[in-house]
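Nothing in this text is a laboratory measurement; each read-out follows from the coordinates by a stated rule. This is a predicted model, so every value here is computed, not measured. No Cβ is skipped: glycine too gets one built from the backbone with ideal geometry, and neighbour counts run over all protein chains shown.
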Amino acid sequence: MPTKLMEILGRYRPLIEDWEGWLAALENPAPTYARLNTLKGSESEICDLMSRSGLHLVPTLVPTCYELRDCDHPGHLPMYFQGLFHSQDLTSAVPSWLLNPAAGEMVLDLCAAPGSKTSHLAQLMENQGLIVANEIQTHRLKSLVANLERLGVTNTAITRYAGQDFPLRIQFDRILVDAPCSGEGTLRSRQSSRYASAPRLHERLANVQGRLLVRALKLLRPGGILIYSTCTYAPEENEEVVDNFLQQGGVQIEEVPCPLPHHPGITAWNDKTYSSEVTKCLRFYPSEVNSTGFFIAQFRKTGDL
Amino acid sequence: MLNFARPETYSAVLSYLAARFGIPEEIFADYGILDAGSNLRLVSASPHLDSLSAIKVEVLGLRLVRKTNKGWKPTSAALQFLAPWISKSVIQLEPAEEIPFLQGRAIERAFEVEPGYVAVQGRTGILGCGLYRPPFLLSQIPAASRAPFFFSETKE
């Protein structure tokens, strides 16, 4: 394990029961996963087509998501250009899947680029209802638009607001806040040189994440569902953000059944303690899910905020 | 306010897609068509669309056709999306022609279709839009999408 990576991730040793297994997982490249795009055909049709083309697909516990064996550059396959599948980490597909939008609903993806989760939501909604995919970063809009077009998404409007300032003139049935984060869950040994941790990174990001959640709650109809996700292990960006959010009231955290191996949220980190409610959060570790590290919490709006 | 295509534009583009590609007009019953300057965009019909007038929308739906001096030009994304309903103006490529087409190169040979825009089909379905100008099939795959494509069986 490179020293730099150990400096970043070493502090999580108290959280990880199987530390050696966790480190070993980071020594290997993450597998490639493909989410089959049922907006372009049935799962079995696409699966057959890909298999007949020589691709080796292995089912996972997440519907329509497969491990794609022996294929290093899935984005260069014609079937990718045709939008028959989308290359997406397995854990990255879980937030949209758990949000479970119905076909006719009104859904907001507050931090949408590059569109993996937005297009998954469109797939789950069978291209019906309406998704608003918001992305503030102009340079990321291009990839968002390109992915939605390639995947045949017709029920999505793209907006470009700062998420924490999204206009309060619309209410949504379900909202996904896949927040900007330190991204440590995506780190592998071979990529560590590309990662630079900035001073007070977690603290600064937590501030943004908290504001995004507060705004999302205001945009949610009473009884509506909100999912918060990050791809980091940092409790400052996960349980602490959730704990602060719960203290504001008008929202409750929900137990989420998930078949992928996971751990509950933690209730203490360094000198801080959090509400026992945060144990309802889900932590995913690469050594157990064979994908990127992830964190997910699901909320229901209880009041008329 | 969303700028839906005027009725005459809506009818004209559906007639074009029916006449050129055999796409039944009925399949558009569940969609609206937006006029977005030089493009027409296909959007799923939904009562929620009205609420979008309260916010600023950058892009909505799928780009269906582009307006040109010579008429409508279908996008590759739209032809891929509408593939199950396309029955005319289809060119079937030989396997060896698929990658060059996807990389934007012209294919020189005669095809039994009327000159004009065509849906180009490979072994895995509709690949995208081409312009048949005998004796050339000109690839209309967007430049930004011309990745170094390969097929899995040829990957080394």
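A few notes on this one:
- Computed from label points 7 Å out along Cα-Cβ, the spacing between residue A:248 and residue B:50 is 3.0 nm.
- Each Lys or Arg adds one and each Asp or Glu takes one away; over the other residues whose Cβ falls under 14 Å from the Cβ of residue A:235, this sums to -4.
- Net charge contributed by nearby residues that have their C-beta within less than 13 Å of residue A:175 (K/R +1, D/E -1): +3
- Helix axis angle, B:7-21 relative to chain B longest principal axis, alpha carbon, degrees: 20
- Each helix, a run of at least 4 DSSP H residues, gives -39500 (n - 2.57); summed and divided by the residues of chain A, these come to -8500 deg cm²/dmol at 222 nm.
- Protection proxy ranking, highest mean first, for peptides A:268-277, B:28-37: B:28-37, A:268-277, where packing is the per-residue count of other beta-carbon atoms within 10 Å, averaged.
- Among A:91, B:124, B:75, sorting on how many other beta-carbon atoms sit within 10 Å of each Cβ, with the fewest leading, yields B:124, B:75, A:91.
- Within chain B, helix-based [θ] at 222 nm, where runs of 4 or more DSSP H residues each add -39,500 (n - 2.57), nearest 500: -5500 deg cm²/dmol
- Per-residue average of Cβ from other chains inside 10 Å of A:154-163: 6
- The magnitude of the dipole of the range B:45-156, with charges of +1 and -1 set on the Cβ of Lys/Arg and Asp/Glu and taken from the Cα centre, is near 440 debye.
- Nearby lysines by direct alpha-carbon distance to residue A:4 (threshold 28 angstrom, same-chain neighbours under 8 apart not counted): A:272
- Furthest towards positive pole of dipole, B:21, A:279, A:213, structure part the protein assembly as shown, Cβ charges: B:21
- The mean number of Cβ atoms from other chains found within 10 Å of a Cβ in peptide B:80-86 is 4, as a whole number.
- Shielding by partners, peptide A:78-89 (average Cβ within 10 angstrom, other chains): 5
- Each other residue within a Cβ distance under 12 Å of residue A:102 adds +1 if Lys or Arg and -1 if Asp or Glu, for a net charge of -2.
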